[in-house]
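Okay, so here's the structure we're looking at.
The values are calculated or read from the model by the stated rules, or taken from the named source; none is laboratory data. Worth saying up front: this structure is predicted, and the values here are computed from it rather than measured. Cβ: placed from backbone, ideal geometry, glycine included. Neighbour counts: every protein chain shown.
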Amino acid sequence: MTIYTHKWKAHDTIYIQNPAGSVKVCVWPGTEPVAYLYDLIVFPPYRWNGFGDKLLNEAIKQAKEAGCAVIVLWPECEPWVEDWYQRKGFAPNEFYKGFAGEIGWAKKI
Ligand SMILES: CC(C)(COP(=O)(O)OP(=O)(O)OC[C@H]1O[C@@H](n2cnc3c(N)ncnc32)[C@H](O)[C@@H]1OP(=O)(O)O)[C@@H](O)C(=O)NCCC(=O)NCCS
């Protein structure tokens, strides 16, 4: 697993990658830092082997280590992936809205 943190002015972005895929976590600081998960992808030949689970767990671990108590994502995917996230403990939460008002899915970590 390769992990690289790029420090931006307002937030840090953690890039997590293994040969099967990658994911990005943006950490927004503040009194209650929040982590946003983006672009989780496992390349097609590697799917169904637990790599998605491993990348997601590493993203959660990194978010925790960065001081976040919650991780949020916007599922832009097929319906079964929403079920997958639900099985991992994510649920829609109206507190977290995207730029166009889309409801985020949050998990306490
Ligand atoms: C979603 C994704 C990351 C899962 O990665 P993966 O490595 O195949 O997942 P895992 O092997 O860890 O887990 C397999 C699980 O997915 C389910 N699954 C996989 N493909 C499925 C399909 N086509 N239909 C229904 N369920 C499916 C399996 O039932 C299994 O469930 P379980 O963990 O409860 O047993 C991967 O399919 C992907 O990259 N999809 C395209 C990009 C995407 O949609 N990303 C999410 C953006 S929000």
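Any residue in region 42-50 that is part of a strand (DSSP E or B) and under 19 Å from GLU82 (Cβ atoms)?
Yes, because at least one residue in region 42-50 is part of a strand (DSSP E or B) and under 19 Å from GLU82 (Cβ atoms).
Among the residues of region 42-75, how many are touching a helix residue (DSSP H, G or I) at 6+ places or on another chain (Cβ under 6 Å), within 7 Å of the ligand (Cβ to nearest atom) and in contact (Cβ under 8 Å) with a residue 24 or more places away in the chain?
Count: 1.
So ARG87 ticks every box in (1) near the ligand (Cβ under 10 Å from one of its atoms); (2) on the phi > 0 side of the Ramachandran plot but one. Which box is left unticked?
Condition not satisfied by ARG87: (2).
Among the residues of region 83-101, which ones are outside any strand (DSSP E or B) and modelled with pLDDT of 95 or more? Before you say what the answer is, go through the steps one by one.
Filtering region 83-101 down to residues outside any strand (DSSP E or B) leaves 83-90, 98-101.
Within region 83-101, ASP83, TRP84, TYR85, GLN86, ARG87, LYS88, GLY89, PHE90 meet the criteria.
VAL72 fails exactly one of the following numbered conditions: (1) in a helix (DSSP H, G or I); (2) touching a Gly at 6+ places or on another chain (Cβ under 7 Å). What is the number of that condition?
Tallying (1) in a helix (DSSP H, G or I); (2) touching a Gly at 6+ places or on another chain (Cβ under 7 Å), VAL72 fails exactly one: (1).
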